[in-house]
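The values are calculated or read from the model by the stated rules, or taken from the named source; none is laboratory data. It should be emphasised that the depicted structure is a prediction, and the values quoted were computed from it without experimental measurement. Neighbour counts run over all protein chains shown; Cβ positions are idealised from the backbone, glycine included.
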Amino acid sequence: MVRKLMLFVPLMAIAATTPRIAVHGHRGARAVLPENTMPAFEHAIEAGADFLELDLAVTKDDVLVVSHDPVLNPAICRSPGGATVIRELTLAELRRWDCGSIRNAEFPKQRPVPGTRIPTLDEVLSLAPRGSFQFNIETKISPDKPQYTPSPERFAELLLAGIRKRRLEDRVMVQSFDYRTLQAMKRLAPGIRLSALFGEDARDFAAIARNAGTDMVSPHQRLVTPEKVAAAHAGGLTVHAWTANKPEEWDRLISAGVDGIITDDPAELVRHLRQRGLR
């Protein structure tokens, strides 16, 4: 009995001192509900996610809306006809699209929510009083498709105005594959946390962060190794890996020492962390 107690106490001490791994609900919780919709974000909040991860596009009338695709995807959204590029649609025109009726075939657990519309950024940020969770906001912009978005500077201005309207500067991180918006945001508001997204770059994480001008990195999970994470931490960086949906992927990232995991199923990841005594 004494021997069992001596083994138990150190395990409890280890769990108590292990840094909390942040759970990011990718596009809300698209494994179970239509992506980037209010039902998905509300589910992630109820599941205990630390971050709501979302994507931004900009309408013709300069409204920030939450969509991964700058060109509306008929595989997940039902069209009323007309233009499909969000930048060519006003908010009122965009609201005619139903992005909840069609189940995403990649996610067999996903439940349709007919009649669900693409939300504005402000509508998603209005969820902030429901908890202490944070927002991981990705700017969907590309230098080779300038017609799909305003300029990086204008994009950053619109985003900063939306963040400041809700007084959420301390609860937001901004990430992007296109580092121009991150650099524009840094010039406008140096206190906003920024993260460099990448999926192919095999360089050291610190080198990527220096290039982007960020204090965080968001690598694809396959690029994550314990050595790269340790070097990033030594340089004062945090690491949030995407997008991991399987227990074996979560365990590998946990062992590597990441600070956060972006997942399509935040409820399952929260449950997995609890089972491992990490939450």
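Observations on the structure shown:
- Filtered by the rule that a residue be among the hydroxyl-bearing types (Ser, Thr, Tyr) and in contact (Cβ under 8 Å) with a residue 40 or more places away in the chain, the stretch 76-134 gives THR116, THR120, SER126.
- If the condition is being out of contact with any helix residue (DSSP H, G or I) (no Cβ under 9 Å at 6 or more places or on another chain) and surrounded by 17 or more Cβ atoms within 10 Å (Cβ to Cβ), then the stretch 234-259 contributes only HIS240.
- Number of residues in the stretch 177-197 that are buried (at least 22 other Cβ atoms within 10 Å of the Cβ) and closer than 16 Å to THR238 by Cβ equals 5.
- Check on ASP170, closer than 25 Å to ALA44 by Cα and acidic (Asp, Glu): yes
- Long-range neighbours under 8 Å by Cβ, at least six apart or interchain, first residue farther than 17 Å from VAL32 by Cα within the stretch 257-272, second at pLDDT below 95: ASP259/PRO19
- Counting the residues of the stretch 75-120 that are among the polar types (S, T, N, Q) and within 27 Å of ARG166 (Cβ to Cβ) gives 3.
- Cβ separations smaller than 7 Å between residues 6+ apart or across chains give the following pairs from the stretch 28-42 residues that are at positive phi and buried (at least 24 other Cβ atoms within 10 Å of the Cβ) to residues that are in a loop (DSSP other than H, G, I, E, B) and among the basic types (Lys, Arg): ASN36/ARG27.
- Complete set of residues in the stretch 168-193 that are free of Cβ contacts under 8 Å to residues at least 24 places away in the same chain and either of a type in the set (Val, Ile, Thr) or not in a helix (DSSP H, G or I) (or both): PRO190, GLY191, ARG193
- Close Cβ contacts (under 7 Å, 6 or more residues apart or on different chains) running from residues in the stretch 202-221 that are touching a residue at least 24 places away in the same chain (Cβ under 8 Å) and more than 20 Å from ILE261 (Cβ to Cβ) to residues that are part of a helix (DSSP H, G or I) and aliphatic (A, V, I, L, M) comprise ASP204/ALA231; ALA206/ALA231; ALA206/ALA232; ALA212/LEU182; GLY213/LEU182.
- Members of the stretch 34-65 that are closer than 19 Å to GLU106 by Cβ and in a strand (DSSP E or B): GLU53, LEU54, ASP55
- Selection of the stretch 52-73 for residues being under 30 Å from HIS272 (Cα atoms), crowded, with 24+ Cβ neighbours inside 10 Å and not small (Gly, Ala, Ser) yields LEU52, GLU53, LEU54, LEU56, VAL66.
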